[in-house]
Amino acid sequence: MRINHIVAGAVFAALVFPLSAQAQRADENAVTSAEDAFGVSIGNQSVGLYSQSSARGFSPQRAGNIRIDGLYFDQQIRWGGGIDNGTVMRVGLSAQSYAFPAPTGIADIQLRRPGDDTAGSVNLSYGPYGGYQAEGEIQTPIIDGKLGVIANVSAGHRKYDWRAPFWSYNVSTLLNWTPSDSVDVVVFGMGLIGEDGEVQPLLFTGGAYAPPRYDRSVYFGQSWADRNRDVYNFGALVNASPADGWRIRAGLFRSINDLRSEYVTFFRDIQLDGSSQLEILRSQPQRAASTSGEVRVSRVFNEGPRQHTFHASVKGRDVLRRFGGSDRISFGATQIGVINPLPKPTFNLSARSRDDVFQITPGLSYVGRWLGVGELSFGIQKTFYDRKVNQPNTPEARTDSKPWLYNATLAINLTEGAALYASYTRGLEESGIAPDTAVNRGEALPASLTEQVDAGIRYRITPQLTAIAGVFEVKKPFFERDAANLFRDVGGVSHRGIELSLSGQPMPGLTVVAGAMLLRARIDGGQSTAGVIGAVPIARPSRNVRLNVQYGPDAWRGFVLTGAIINDGPMYADRANTFKLPSVTTFDLGARYNFNAFGNSASARLQVHNVTNDFSWSVQSSGAYVPSKARRFTVSLVADF
């Protein structure tokens with residue numbers, strides 16, 4: 001509580017002793033900032049269909065599609081925040097402005113820049129589930145017009161959706177140096193510490209059925225089976241224009257995920273009455289660390305209404321992962337949803353495994369723009385991928401790949417407000433290692449060649465309202481256990497779908513962000529054809545629908561009502577396609593009040609999620625069942641000074 005007292009004092013000081021500038025964090029709003037319905041995240045606000053972990057049914061992070069200010073970043077764990085304007089998802093037409101995209105979608109982390117005056121903000125929040133957090137920020141010039149800094153600190157005692165409490169501490173800072181109008185340099189660093197966070201229990205049933213309902217307000221794991229994590233992200237970016245028509249961009253990044261303590265709790269063979277078998281796995285400290293970056297040189301030629309841009313790029317990553325060294329202990333019969341404290345046993349841990357990945361990818365691309373007519377681009381890359389996995393008492397597993405990758409895009413302006421677009425791209429992504437349950441446990445799987453084609457139309461209904469309709473197909477190899485329990489490529493998986501977006505202001509005071517994705521996921525050939533597994537992969541809802549609305553006319557003097565509808569279609573929950581989970585719809589409601597106090601911007605917000613307290617199940621790709629998040633509320637106050 002001491003943290004809350006300190007920050008409450010800071011809020012009072014901010015209101016009573018205003019500085020000469022506004023940090024404007026109080027005005028952050030994901031709904032009004034969204035250019036489309038494909039996904040934007042600002043602070044703890046998120047709207048839209050997609051995120052860093054999921055786009056068109058796949059993971060942009062695994063596909064190597066995370067960017068920082070447009071430059072390649074091999075992220076090992078989630079971004080800590082505090083020094084960015086948010087993360088924007090780019091798919092379809094909006095992704096065509098990025099050089100060298102890969103299939104799925106691009107998640108672009110957009111760094112902030114400090115202003116010309118000293119400013120700051122304080123953010124206090126309570127909830128969900130009784131957790132609380134305090135955040136403070138300051139930005140100030142060090143050398144007027146040349147050098148500035150942003151510093152952000154937050155701390156809180158929070159609760160996961162499965163009600164396990166944890167402490168979190170985050171520190172981030174960004175330094176921006178502009179020695180001239182043609183050079184911009186950014187250096188940043190952030191650290192996130194998570195303490196005493198018990199992991200979510202993994203629920204596996206004994207047949208083709210979902211677990212029974214239970215009280216979601218109860219954490220029924222073991223208090224000693226906690227997870228302690230340290231997360232670090234560092235980087236430096238340079239943007240320079242050394243001569244007319246020339247641009248150089250470079251970024252070097254370091255991302256580290258250290259799990260100092262790691263347990264995984266399994267409830268297996270769950271019956272319809274909730275009885276199950278408890279198993280807990282403990283691992284040695286786990287580590288994933290990556291150095292990545294990109295250097296890009298661009299040459300721009302202007303020819304009247306036409307512009308030609310040539311890019312030469314080299315991007316790469318060097319990754320070290322330490323994993324494994326685990327031991328499993330079975331505790332026998334238990335019941336899900338019931339607190340059952342057990343004494344902590346002694347785990348016999350073994351040596352860890354090592355996973356090394358080195359990849360470098362040079363490439364060339366061309367982008368042509370014709371004002372009022374359209375845009376054309378194409379690119380080619382040659383990637384060199386090498387991976388080594390070393391496990392105790394097992395020969396080194398090695399895989400490498402050197403494919404050509406290419407992409408092409410086309411956009412045609414039909415009218416001033418309508419544009420057609422189409423693109424094709426080919427990529428390479430990691431496929432992981434064979435799981436412990438397979439006979440080829442720990443085998444390094446070959447990297448996967450992926451491809452994507454999409455097309456659609458964007459239409460500006462009014463200057464404030466835009467609609468997008470598109471189709472896409474993403475193809476990747478599909479890895480699964482075959483009839484001999486060998487984890488291998490058992491065929492291809494394709495995600496074919498339709499995505500729709502409507503965003504903007506249909507009338508004064510009303511903002512709408514509405515999106516839908518209709519998905520047809522199929523496993524082609526191989527074990528699916530042989531009847532070993534079903535034709536539809538598990539954990540793929542047939543649709544995702546997201547509707548966010550915000551209404552606050554000027555006459556309401558800063559008062560705003562918000563609402564959201566979230567709908568996910570049915571999905572198969574077993575690989576034989578004998579059991580399907582039904583569709584789920586939840587509703588969110590909220591209110592926001594933007595006001596000025598003693599010359600400072602401030603914002604108070606109340607948000608209630610899952611208003612009807614719906615209880616439903618979803619399933620992960622591993623086959624683990626996950627209950628829906630219970631009804632919860634969050635109250636926050638942000639004050640700029």
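Okay, here's what the table says:
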quantity: Stokes-Einstein D (µm²/s) once Rh is taken as the Kirkwood radius of the chain over alpha-carbon pairs, at 10 °C in 1.306 mPa s; calculated: 60 µm²/s
quantity: Dimensions in Å of the stretch 368-453 - Rg and Dmax from alpha carbons; calculated: 20.3, 65
quantity: Point-charge dipole on Cβ atoms (K/R +1, D/E -1) for the stretch 507-641, about Cα centre, debye to 20; calculated: 160 debye
quantity: The stretch 204-233 residues near the modelled GLN271 label - backbone nitrogen below 20 Å, point 7 Å along Cα→Cβ; calculated: 204-215
quantity: Where labels lie 7 Å past Cα in the beta-carbon direction, separation of ASP27 and LEU518 in nm; calculated: 4.0 nm
quantity: Relative packing of peptides 259-272, 537-550, 235-248 - highest average C-beta neighbours within 10 Å first; calculated: 537-550, 259-272, 235-248
quantity: Sorted largest first, extent of the stretch 278-330 alpha carbons per principal axis (Å); calculated: 73, 22, 9
quantity: Furthest towards positive pole of dipole, ILE77, ASN239, LEU405, structure part the chain, Cβ charges; calculated: LEU405
quantity: Karplus (6.51, -1.76, 1.60) ³J(HN,Hα), θ = phi - 60°, over the stretch 305-321, in Hz, Gly and Pro reported as x; calculated: x, 9, 10, 10, 10, 10, 10, 10, 9, 9, 10, x, 8, 10, 10, 10, 10
quantity: Principal axis box of the stretch 246-308, alpha-carbon based, largest edge first, Å; calculated: 74, 31, 9
quantity: Cβ charges +1 (Lys, Arg) and -1 (Asp, Glu), total dipole of the chain, debye; calculated: 760 debye
quantity: For the chain, with +1 on Lys and Arg beta carbons and -1 on Asp and Glu, the positive-most of VAL635, VAL532, GLY39 along the dipole; calculated: VAL532
quantity: The stretch 584-624 - convex hull of alpha carbons, volume per residue in Å³; calculated: 105 Å³
quantity: Extension gain, SER401 back to PHE559 (0.36 nm per residue minus Cα-Cα distance, nm); calculated: 51.2 nm
quantity: Placed amide H near THR450: partners under 5 Å, 5+ positions off or other chain; calculated: GLY427, LEU428, GLU429
quantity: Cβ charges +1 (Lys, Arg) and -1 (Asp, Glu), total dipole of the stretch 235-291, debye; calculated: 400 debye
quantity: Added length on full extension, which subtracts the Cα-Cα distance from 0.36 nm per residue, ASN390 to ILE329; calculated: 19.5 nm
quantity: Amide H contacts of ARG632 (H built 1.01 Å from N, under 5 Å, at least 5 apart or other chain); calculated: HIS609
quantity: Scattering profile of the stretch 285-391 at q = 0.10, 0.12 Å⁻¹ [log10 I(q)/I(0), Debye over alpha-carbon scatterers]; calculated: -0.60, -0.68
quantity: Greater than 18 Å apart at Cα, pairs in LYS159/LYS629; LYS159/LYS344; LYS475/LYS580; calculated: LYS159/LYS344; LYS475/LYS580
quantity: At R0 = 22 Å, FRET efficiency that the Cβ-Cβ distance of ASP215 and ASP614 yields, to 0.05; calculated: 0.90
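Only the coordinates and a few stated rules stand behind these numbers; no lab work does. Bear in mind the structure is a predicted one, so any value in this text is a computation, not a measurement. Here the Cβ is made from the backbone with ideal geometry for all residues, glycine too, and neighbour counts use every protein chain on show.
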